[in-house]
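The values are calculated or read from the model by the stated rules, or taken from the named source; none is laboratory data. Just so you know, these numbers come straight off a predicted model, no measurement behind them. Because the Cβ atoms are built from the backbone with ideal geometry, glycine has one as well, and the counts that use them run over all protein chains shown.
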Amino acid sequence: MTALEVGNLGGIVAFFVAIMVGPPILLTIGGFAVKKNHPKTAKVLFILGAVYLLIGLGICGGLL
């Protein structure tokens with residue numbers, strides 16, 4: 001239980017930040033990767049990335 005001691009919460013904060021911005025970045029990169037061949041799929045990936053970022057910043061940002 002030393003990883004969750006009250007004095008050292010840097011790892012938990014980094015974990016939440018990675019959950020907030022990691023998947024939207026991956027979805028955006030995936031959108032740019034398929035944009036030339038499948039523009040509708042790219043649009044869906046961009047929208048999913050934006051929605052995930054808004055929800056992640058709202059919920060996880062509220063917890064921090």
### Summary
Exactly one of Ala42, Ala33, Ala50 is at pLDDT 90 or above and touching a Phe, Trp or Tyr at 6+ places or on another chain (Cβ under 8 Å), and that residue is Ala42
#### Entry: Hits in the range 9-43 (condition: basic (Lys, Arg) and more than 18 Å from the chain's Cα centre (by Cα))
Lys35, Lys36, Lys40
### Task
Any residue in the range 36-50 that's within 13 Å of Leu26 (Cβ to Cβ): show its pairings with residues that are assigned to a helix (DSSP H, G or I) at Cβ separation under 6 Å, as long as the two are six or more apart or on different chains.
Leu45/Leu27; Leu45/Gly30; Leu45/Gly31; Phe46/Gly31; Leu48/Leu27; Gly49/Pro24; Gly49/Leu27; Gly49/Thr28
